[in-house]
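Chemist: The structure is given below, and queries will be raised subsequently.
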Amino acid sequence: MEEAINYLGTHRGNVRVLAGGTDLIPSMRQKLFEPGLVLDLRGIGAMRGIKAGSDGGVEIGALTTLHAIERSELLRQHYSVLTEAASTVASPVLRNMGTIGGNICLDTRCLWYNQSLPWRKGCGFCIKKDGDLCHVAPGGTKCWAAFSGDTPPALLCLDAEIEIAGPAGVRRERLADFYTGLGDNYRQLQTDELVTLVFLPAAAAGYRGVYRKLRVRGSIDYPLAGVAVVMKLSSNGKSVGHIADARIGITAVNPAPLLVKGASELLAGRVLDDTLAEAVGDLAAKTAKPLTTSALTPEYRREMIRVFTKRAVLAAAQWVDRN
Ligand SMILES: Cc1cc2nc3c(=O)[nH]c(=O)nc-3n(C[C@H](O)[C@H](O)[C@H](O)COP(=O)(O)OP(=O)(O)OC[C@H]3O[C@@H](n4cnc5c(N)ncnc54)[C@H](O)[C@@H]3O)c2cc1C
Ligand code: SF4
């Protein structure tokens, strides 16, 4: 790993790292990324694997494939929202190659950006690459491309942290602080830094977990709206059946995956019914700010966030322990 970081430092700004390559390679073919060099990380064994952490949680190496996450009994038992979200990414073949680190670092997506060079040239390019205007919000100076990874909303619900290594050393930060909320410079990562580990805290183990996603092609597609829910029911005396704690994360409808503010407070201490589930759905729909960055309309995607959130919290409350 040290060798890789030194290499990134020496060739700062001119290298892209390749984990599974399932997003990097198509993006390079479309000339979205034009690095002089590509550094293949796949030989770094220390960045692969799932194991119990020293603090009682679980550590996942950034190079661990989505297939390994989907199949991990340890994760299924304790962090099922993550295995469910991972199992919806793309297709089995892509999950065999694609990694959790690549999913966290995934570039944001837009109808006007994820296109070939001649296509983008024909439209006069845009702010995210080679141009100075935004086709989605003309007149603005900001890029609104949507973050479209499936596992980050689940990881946010689990209060996950990541380890980042670079020439200046190693730091650990909450995943929630990794994303900037901008469509172009969407993550806080220097060009000579690597995401090396994902930490799932012991406190988040054992929550019921549900992930729901809207996509055009059910067998292989990015989310156009995605909702992750974790929930713990109270097992104490009188309050049995009351929600002790819950969190909701959304993806593909903003430039960053986000936790729905106020959802935990709204749900805590309550017994779930249709009215409460609907209120949480409304809250999630307010957090979602989809724009015309995809083939489906923003109105439909926001509405599906509302519907999926309602369904997901109801499903989490009725969750049957499968282990
Ligand atoms: C047809 C198709 C359908 C897809 N559907 C989905 C989907 O439904 N849901 C979804 O979430 N994704 C989807 N993807 C995207 C992709 O397959 C996954 O997001 C996958 O997890 C990316 O991981 P990777 O290891 O292949 O990343 P790579 O392609 O290797 O890398 C992705 C980006 O992250 C950077 N990177 C990778 N690892 C690190 C690291 N450890 N540290 C720092 N930077 C890093 C790379 O430089 C690159 O910029 C799809 C892709 C295709 C081609
Ligand atoms: S949101 Fe605007 S600037 Fe960003 S990729 Fe789309 S068209 Fe380009």
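Chemist: Specify, per residue and in Å³, the volume enclosed by the convex hull of the alpha carbon atoms belonging to the chain. Mind dumping the intermediate values first?
Modeler: Details: hull volume 42.6 nm³, N = 323.
Cα-based convex hull of the chain, divided per residue, equals 132 Å³.
Chemist: Further question: Using only protein heavy atoms and a 1.4 Å probe, report how much of residue 283 is accessible, in Å² to the nearest 10.
Modeler: Roll a 1.4 Å probe over it and residue 283 shows about 40 Å².
Chemist: Show me the ranking of peptides 214-223, 16-25, 101-110, 268-277 by mean Cβ neighbours inside 10 Å, starting with the highest. Don't skip to the answer; put the middle values down first.
Modeler: Numbers: 214-223: 15.4, 16-25: 20.9, 101-110: 23.5, 268-277: 13.5.
Output ranking for 214-223, 16-25, 101-110, 268-277: 101-110, 16-25, 214-223, 268-277.
Chemist: Which value in nm describes the separation of the simple spin-label points at residue 234 and residue 11, placed 7 Å from the Cα toward the beta carbon?
Modeler: Between residue 234 and residue 11, the label points sit 5.8 nm apart.
Chemist: Which net charge results when you count Lys and Arg as +1 and Asp and Glu as -1 among the other residues whose beta-carbon is under 11 Å from that of residue 229?
Modeler: Numbers: positive: 208, 212, 247, 310, 311; negative: 84.
Summing Lys and Arg as +1 and Asp and Glu as -1 gives +4.
Chemist: Turning to a different aspect of this structure: Summing +1 for each Lys or Arg and -1 for each Asp or Glu, what net charge is found among the other residues whose Cβ lies under 14 Å from the Cβ of residue 296? Before the final figure, lay out each step's value.
Modeler: On the way: positive: 109, 213, 215, 217, 301, 302; negative: 221, 299, 303.
Net local charge, residue 296 excluded: +3.
Chemist: OK, next. Could you list log10 I(q)/I(0) for region 218-307 at q = 0.10, 0.20, 0.26 Å⁻¹, which the Debye formula gives when each Cα is one point scatterer?
Modeler: Debye output, listed in q order: -0.29, -0.89, -1.26.
Chemist: Further, regarding this structure: Find how much the distance from residue 38 to residue 111 grows on full extension, using 0.36 nm per residue of separation minus their present alpha carbon separation; answer in nm with one decimal. All intermediate terms of the calculation are to be shown ahead of the outcome.
Modeler: Working: separation 73, 0.36 × 73 = 26.28 nm, distance 2.57 nm.
Additional length available on full extension: 23.7 nm.
Chemist: Could you work out, for region 1-98, what percent of all Cα-Cα pairs fall into each 10 Å distance bin, beginning at 0 Å and stopping at the bin that holds the largest distance?
Modeler: Answer for region 1-98: a P(r) of 15, 38, 32, 15, 1 percent.
Chemist: A follow-up question, please. Quote the convex hull volume per residue of region 144-262, based on C-alpha atoms, as a whole number of Å³.
Modeler: Values: hull volume 15.3 nm³, N = 119.
Value for region 144-262: 129 Å³ per residue.
Chemist: Okay, next question. Only Cα pairs under 8 Å and at least 6 apart count here; give the relative contact order of the chain as a rounded whole percent. Intermediate results must be reported in sequence, preceding the final value.
Modeler: On the way: 710 pairs, mean separation 54.9, N = 323.
RCO, the chain: 17 percent.
Chemist: So if R0 is 22 Å, what FRET efficiency would residue 311 and residue 279 give, r being the distance between their Cβ atoms, rounded to the nearest 0.05? Display every interim value, and only then the final one.
Modeler: Values: r = 14 Å, r/R0 = 0.64.
The value I calculate is 0.95.
Chemist: Now for a separate question. Calculate, for residue 77 and residue 3, the FRET efficiency according to 1/(1 + (r/R0)^6) with r their C-beta to C-beta distance and R0 45 Å; round to the nearest 0.05.
Modeler: On the way: r = 36 Å, r/R0 = 0.79.
Efficiency, rounded to the nearest 0.05: 0.80.
Chemist: Dipole size in debye (nearest 20) for the chain around its Cα centre, Lys and Arg Cβ +1, Asp and Glu Cβ -1? Write out the running numbers ahead of the final one.
Modeler: Working: 38 positive and 32 negative charges, 147 e Å.
Rounded to the nearest 20 debye, it is 700 debye.
Chemist: Here's a follow-up. How compact is region 256-304 by the rule of thumb for globular proteins, expressed as Cα Rg over 2.2 N^0.38 Å?
Modeler: Details: Rg = 12.7 Å, N = 49, 2.2 N^0.38 = 9.7 Å.
Normalised Cα radius of gyration, region 256-304: 1.31.
Chemist: Using modelled backbone amide H atoms (1.01 Å from N, in-plane), which distant-in-sequence or interchain residues come within less than 5 Å of residue 18's amide H?
Modeler: Long-range HN contacts for residue 18: 39, 40, 41.
Chemist: In Å and whole numbers, how far do the C-alpha atoms of region 79-236 stretch along each principal axis, longest first?
Modeler: Answer, in whole Å and largest first: 61, 43, 32 Å.
Chemist: What is the sum of charges, Lys and Arg at +1 and Asp and Glu at -1, for the other residues whose Cβ falls under 14 Å from the Cβ of residue 6?
Modeler: Details: positive: 12; negative: 2, 3, 192, 193.
Residues near residue 6 contribute -3 overall.
Chemist: Once amide H atoms are built 1.01 Å from N in the peptide plane, which residues 5 or more positions from residue 57, or in another chain, come under 5 Å H to H?
Modeler: Counting only residues 5 or more places away or on other chains, the set is 202.
Chemist: Could you tell me the distance between the Cα centroids of region 242-277 and region 36-101, to the nearest Å?
Modeler: 25
Chemist: Next question, about the same structure. Would you please give the FRET efficiency between residue 300 and residue 219, computed as 1/(1 + (r/R0)^6) with r the Cβ-Cβ distance and R0 = 22 Å, to the nearest 0.05?
Modeler: Numbers: r = 21 Å, r/R0 = 0.93.
Calculated transfer efficiency: 0.60.
The values are calculated or read from the model by the stated rules, or taken from the named source; none is laboratory data. Given the structure is predicted, the values throughout are model-derived calculations rather than measurements. FYI the Cβ positions are ideal-geometry reconstructions off the backbone, even for glycines, and counts take in every protein chain you see. What goes into the accessible areas is simple: the full protein's heavy atoms, side chains included, and nothing from ligands, DNA or RNA. Shrake-Rupley method; radii C 1.70, N 1.55, O 1.52, S 1.80 Å.
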